[in-house]
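Step one of this worksheet: look at the structure below.
The values are calculated or read from the model by the stated rules, or taken from the named source; none is laboratory data. Quantities reported herein were computed from a predicted structural model and do not represent experimental measurements. In this analysis, Cβ positions are derived from the backbone assuming ideal geometry, glycine residues included, and neighbour counts consider all displayed protein chains.
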Amino acid sequence: MTTRIVVTGIGATSPLGGNVPDNWTNLLAGVSGARTLEHDWVEETQLPVTFAAEAVVRPEEVLARPVAKRLDPSSQFALIAAMEAWEDAGAPEVEPERLGVDFATGIGGVWTLLDAWDTLREKGPRRVLPMTVPMLMPNAAAGNLSLHFNARAYARTVASACASSTESLVNAVEHIRDGLADVVIAGGTESAIHPITVASFASMQALSRRNDSPATASRPGAIDRDGFVMGEGAAALILETEEHAKARGAKIYAYVEGGGVTADSYHITANDPEGLGAARAVRMALEAADAAPDDVTHVNAHLTSTPVGDPNEFTALEAVFGDRIREIPVSGTKASTGHLLGGTGALEAVYTVLALQNRVAPPTINMTEPDPAVPFRLSVQPQDLGSGDQLAISNSFGFGGHNAVVAFRSA
């Protein structure tokens with residue numbers, strides 16, 4: 001018999017709020033987290049894109065200064081989200097050797113790296129902090145969570161661009177089923193709203209240029225979409241076996257049935273226009289859930305608001321669901337949060353879990369005129385999911401041809 005894995009705690013800090021309740025309230029209310037960037041470096045570097053979706057609660061407002069000082073912002077956000085999730089799960093009593101960490105990032109400590117480079121050039125090597133490498137390394141978030149929570153089973157990091165944290169969730173399920181841990185802190189983080197990354201994404205024509213209207217810039221599925229909006233933050237989920245959760249009387253948000261992870265082998269930045277790898281990942285997730293396409297009642301789509309990516313995702317899902325994909329309630333929550341890159345999958349997993357618990361699919365704001373090439377059932381209002389058993393999938397696709405899909409079932 002397959003070991004069933006459950007979600008017992010959730011945490012998030014994002015452009016919509018510094019905790020899960022604020023995230024969910026603002027998501028359902030149609031709030032946008034995108035704002036004009038109020039930093040000197042925007043004008044100094046003459047960036048063509050002057051807005052992004054920064055985390056609304058800054059880490060220094062939450063973490064003690066000595067703690068924050070030794071962490072890159074990406075690790076700061078990870079710690080904040082994980083602490084909320086851990087408390088929400090009732091601070092499980094688990095042997096350190098049975099507690100694991102699967103925590104992802106797409107880029108890692110870009111702020112630490114580039115600040116250190118500026119220091120080296122301007123002040124010389126003696127002024128470069130000795131903690132620079134431990135702060136910038138991509139596994140820093142997982143390592144620091146392991147230290148904070150005394151997790152000794154393992155601390156692993158996935159860096160598969162925008163698919164990173166969804167892949168970490170799939171890995172966490174597999175690690176628990178393989179007997180490596182009883183409880184896992186899983187999720188992802190990103191803090192890469194930096195002149196270099198903004199300039200690079202803008203150079204490749206990937207970002208929206210709606211500088212005069214940041215709140216309406218991310219518009220997945222709309223015919224006039226012109227690119228994604230960069231976001232930042234982190235989200236965490238506490239996963240454990242159903243047996244372990246029930247033995248300690250924990251509340252159960254949802255079941256994590258498993259997922260699918262594939263590669264396109266098509267292009268380093270563009271996804272396969274035929275959606276073959278993405279479709280295969282969805283089918284793998286459904287197989288892990290012992291489910292058929294007709295069983296799916298909700299999809300949290302990757303939908304980044306790019307001209308090419310959105311229709312490619314529809315092509316992939318149509319290959320799996322056929323015409324029924326036009327009837328399933330679909331949410332494109334990046335319209336509200338922007339794109340958290342390596343942290344986006346974990347945040348959208350939290351939203352998917354809450355959608356199942358509350359029987360409502362979050363809205364997709366900024367939908368002006370739907371694109372006929374992306375005929376998902378998107379709504380600017382929350383969509384009722386009805387009663388009965390619910391099965392949802394959350395999709396993430398990343399540069400490098402990474403595809404990751406995770407399946408959740410209502411508790």
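Run THR45 past the list (1) in contact with a Ser or Thr (Cβ under 7 Å, 6 or more places away or on another chain); (2) farther than 26 Å from ALA407 by Cα; (3) of a type outside the set (Asp, Glu) and report the number of the one that doesn't hold.
Looking at each condition in turn, THR45 falls short on (1).
I want to confirm something. Restricting to the range 1-16 and keeping residues that are in contact with a helix residue (DSSP H, G or I) (Cβ under 9 Å, 6 or more places away or on another chain) and surrounded by fewer than 22 Cβ atoms within 10 Å (Cβ to Cβ), which single residue is nearest to LYS334 (Cα to Cα)?
ARG4
Do we find that ARG98 is closer than 30 Å to VAL330 by Cα, surrounded by fewer than 24 Cβ atoms within 10 Å (Cβ to Cβ), in contact (Cβ under 8 Å) with a residue 12 or more places away in the chain and basic (Lys, Arg) in this structure?
Criteria not met by ARG98.
Check the range 194-202 and report whether any residue there is within 30 Å of ALA288 (Cα to Cα) and within 22 Å of the chain's Cα centre (by Cα).
no
Among the listed residues LEU180, LEU169, LEU114, LEU120, identify the single one that is touching a residue at least 24 places away in the same chain (Cβ under 8 Å), more than 25 Å from GLU84 (Cβ to Cβ) and not aromatic (Phe, Trp, Tyr).
The unique qualifying residue is LEU114.
Among the numbered conditions (1) surrounded by 20 or more Cβ atoms within 10 Å (Cβ to Cβ); (2) within 24 Å of LEU341 (Cβ to Cβ); (3) at pLDDT 95 or above; (4) in contact with a strand residue (DSSP E or B) (Cβ under 8 Å, 6 or more places away or on another chain), tell me where ASN271 comes up short.
Just one mismatch for ASN271, condition (3).
Could you tell me whether the range 248-264 includes any residue that is within 19 Å of GLY343 (Cα to Cα), β-branched (Val, Ile, Thr), in contact with a Lys or Arg (Cβ under 9 Å, 6 or more places away or on another chain) and not in a loop (DSSP other than H, G, I, E, B)?
Among the residues of the range 248-264, at least one is within 19 Å of GLY343 (Cα to Cα), β-branched (Val, Ile, Thr), in contact with a Lys or Arg (Cβ under 9 Å, 6 or more places away or on another chain) and not in a loop (DSSP other than H, G, I, E, B), which makes the answer yes.
Could you check, for the range 74-82, whether at least one of its residues is under 22 Å from ARG248 (Cα atoms), in contact with a strand residue (DSSP E or B) (Cβ under 9 Å, 6 or more places away or on another chain) and not hydroxyl-bearing (Ser, Thr, Tyr)?
If we filter the range 74-82 for residues that are under 22 Å from ARG248 (Cα atoms), which is where we start, we get 82.
Restricting the remaining residues to those that are in contact with a strand residue (DSSP E or B) (Cβ under 9 Å, 6 or more places away or on another chain) gives 82.
Still in the running and not hydroxyl-bearing (Ser, Thr, Tyr): 82.
Scanning the range 74-82, I find at least one residue that is under 22 Å from ARG248 (Cα atoms), in contact with a strand residue (DSSP E or B) (Cβ under 9 Å, 6 or more places away or on another chain) and not hydroxyl-bearing (Ser, Thr, Tyr), so the answer is yes.
Is it the case that ASN300 is within 20 Å of THR364 (Cα to Cα) and in contact with a strand residue (DSSP E or B) (Cβ under 7 Å, 6 or more places away or on another chain)?
Against the criterion (within 20 Å of THR364 (Cα to Cα) and in contact with a strand residue (DSSP E or B) (Cβ under 7 Å, 6 or more places away or on another chain)), ASN300 qualifies.
Go through the range 41-80 and give me each residue that's of a type in the set (Gly, Ala, Ser) and either in contact with a helix residue (DSSP H, G or I) (Cβ under 8 Å, 6 or more places away or on another chain) or within 19 Å of GLY231 (Cα to Cα) (or both). Can you show your working first?
Pass one, the range 41-80, residues of a type in the set (Gly, Ala, Ser): 52-53, 55, 64, 68, 74-75, 78.
Within the range 41-80, ALA52, ALA53, ALA55, ALA68, SER74, SER75, ALA78 meet the criteria.
Contact list please: Cβ distance under 9 Å, first residue in the range 196-212 and on the phi < 0 side of the Ramachandran plot, second residue in a loop (DSSP other than H, G, I, E, B) and at pLDDT below 95, pairs at least six apart or on different chains.
Between residues of the range 196-212 that are on the phi < 0 side of the Ramachandran plot and residues that are in a loop (DSSP other than H, G, I, E, B) and at pLDDT below 95, the close pairs are MET204/THR269; ALA206/THR269.
Kindly check whether there is at least one residue in the range 45-65 that is of a type in the set (Ser, Thr, Tyr), surrounded by 14 or more Cβ atoms within 10 Å (Cβ to Cβ), touching a residue at least 40 places away in the same chain (Cβ under 8 Å) and under 30 Å from SER146 (Cβ atoms).
The answer is no, given that none of the residues of the range 45-65 is of a type in the set (Ser, Thr, Tyr), surrounded by 14 or more Cβ atoms within 10 Å (Cβ to Cβ), touching a residue at least 40 places away in the same chain (Cβ under 8 Å) and under 30 Å from SER146 (Cβ atoms).
Mind checking which helices (runs of 4 or more DSSP H) fall wholly inside the range 293-411 and carry at least 3 residues that are hydrophobic (A, V, I, L, M, F, W, C)?
Once the helices (runs of 4 or more DSSP H) in the range 293-411 are filtered for at least 3 residues that are hydrophobic (A, V, I, L, M, F, W, C), what remains is 309-321, 344-358.
Would you mind finding the one in GLY100, GLY11, GLY90 that is closer than 25 Å to SER336 by Cα and not β-branched (Val, Ile, Thr)?
Result of the check over GLY100, GLY11, GLY90: GLY11.
If you scan the range 319-356, which residues turn out to be among the acidic types (Asp, Glu), touching a residue at least 12 places away in the same chain (Cβ under 8 Å) and surrounded by fewer than 24 Cβ atoms within 10 Å (Cβ to Cβ)?
Matches in the range 319-356: GLU327 only.
Identify all residues within the range 381-398 that are in contact with a helix residue (DSSP H, G or I) (Cβ under 9 Å, 6 or more places away or on another chain) and at pLDDT below 95; write none if there are none.
ASP389
Look through the range 293-336, keep the residues that are under 15 Å from PRO273 (Cβ atoms) and hydrophobic (A, V, I, L, M, F, W, C), and return whichever of them is farthest from the chain's Cα centre (by Cα).
ALA319
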